[in-house]
1. Quick one: what does P(r) look like for segment 284-431 with 5 Å bins over all Cα pairs, in whole %?
2. For a Förster distance of 51 Å, can you work out the FRET efficiency between the beta-carbons of residue 83 and residue 294, rounded to the nearest 0.05?
3. Order of 395-401, 303-309 by packing, highest average Cβ count within 10 Å first?
4. Give me the extension gain from residue 393 to residue 231: residue separation times 0.36 nm, minus the current Cα-Cα distance, reported in nm with one decimal.
5. Between residue 434 and residue 212, what is the FRET efficiency for a Förster distance of 30 Å, r being their Cβ-Cβ separation, to the nearest 0.05?
6. Just grab the label-to-label distance for residue 406 and residue 280, each label 7 Å out from Cα along the Cβ direction, in nm (one decimal).
7. I'd like the FRET efficiency for residue 22 and residue 238, computed as 1/(1 + (r/R0)^6) with the beta carbon distance as r and R0 of 41 Å, rounded to 0.05.
8. Suppose the chain between residue 260 and residue 93 were pulled fully straight at 0.36 nm per residue; how much longer would it get relative to their current alpha carbon spacing?
């Protein structure tokens, strides 16, 4: 039976033979690097005696961790350091400049991905090849490793370790990986985890000072902040408690990406979140709302998003959330943007399908941004220019070219001559200002506790009740679950007669669920009663008088609560 390997650690240092590492010790099968018959200028005679000694080929020792192994402290991964009590693998002595706990390696939920975390105040260095040669980069926090990479780690000044994955795959391997990840992320301590582990020293509670709110979404919040030690400005992304696993996956993904149109990732810690390079600009949604973009600037933004997706898709990665709230404007003139807010939810589909979905989302976003509709057929003929038609027809033709030539869709699109010429031309229509679409209603982000969800819409004893919108022509279901009332968001959006693309976008923003345009109204999506009331009013629809008159526990009517809420989100 094939052994399922998690990772190997190679080094020429003696640490591989430490007694503490005996259970991980293995030998590299000998490899002959040359043909002993090559390079001989003569052939020995049959009677000649060969006195050349046979060279001794010693196998190179290394340490191997398999999917059946478990670390001493599961929540922290395999710890490497000089302290045999606190570390799983001893890599040297404290006198050699190696900390008691130097770094750790943990598996991520995605098969074939590891995350390397620094645990030392002195830092851990990784070796990177550049145009000028080899550089040693200090890793202050963490770094991702995938099955297509190997990473050289330098500690103590001279100890070099090479971490590599096996590149194994298959159902059995994936199941073993999933079991390992589940075992290492169980709640509750074991007897081993009750031992005290030396923590990283810190002279302050948090290394960052939060300055202002950028945006608040159901799963995460973006802040502008200042790093105390360097006084530099940064952006911090904090996930809710339910989104911690997403934060881990996003940090792992971003740590292996470098592109001018993808936000620069600096650091990650579960305590304070993901840290990015700062920008004085706004999210594209806010920037367009305050100072509408021209058609020329839209084309520049589209080109930069495609450049970023071409880089991502070439690495078999995907963004998963192409929309205006996932684009930050770094500079207005010339307009420069970067992608952020990757959607790293676990989905039961292939990576290729998610990459295709990125391009579908980009086309959907482009149509919405220009016109606020879901397809070109809904645009008034007088509003459609020849260049707009060329842009969107190129999306379809590039898809077939990508399949025929084994390219990514983004790469094929950027090779379309007509498409690229439209993006860079200097036509007079570039100066036209894009209008804010009347069909793109702003659904404000708000604290879900600002309105109670325990007050019924009707009689409290009823398990299910209804209220009606648009003169009673549409039904919206309210149901009671565990004493709290939830509302069917799908029925609200159907009653509002919004384009399907906009409905799908609102459902994704409010619930995190993704749905196909053709089936957007098929499945119910439940949200708290308080949020449903706000969304109903923001879509310019009537809320029943009985609900408006209902008095909340704070003593105010829902109308007063809504007025206060809308003032705070204006």
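Coordinate-derived values only; no laboratory data. The model shown is predicted, which means the values in this text are computed figures rather than measured ones. Cβ: placed from backbone, ideal geometry, glycine included. Neighbour counts: every protein chain shown.
1. In whole percents, the pair-distance histogram is 2, 9, 19, 22, 22, 16, 8, 3, 0, 0.
2. Taking R0 as 51 Å, the efficiency between residue 83 and residue 294 is 0.25.
3. 303-309, 395-401
4. 53.5 nm
5. 0.65
6. 4.8
7. 0.45
8. Gain in length upon complete extension: 56.0 nm.
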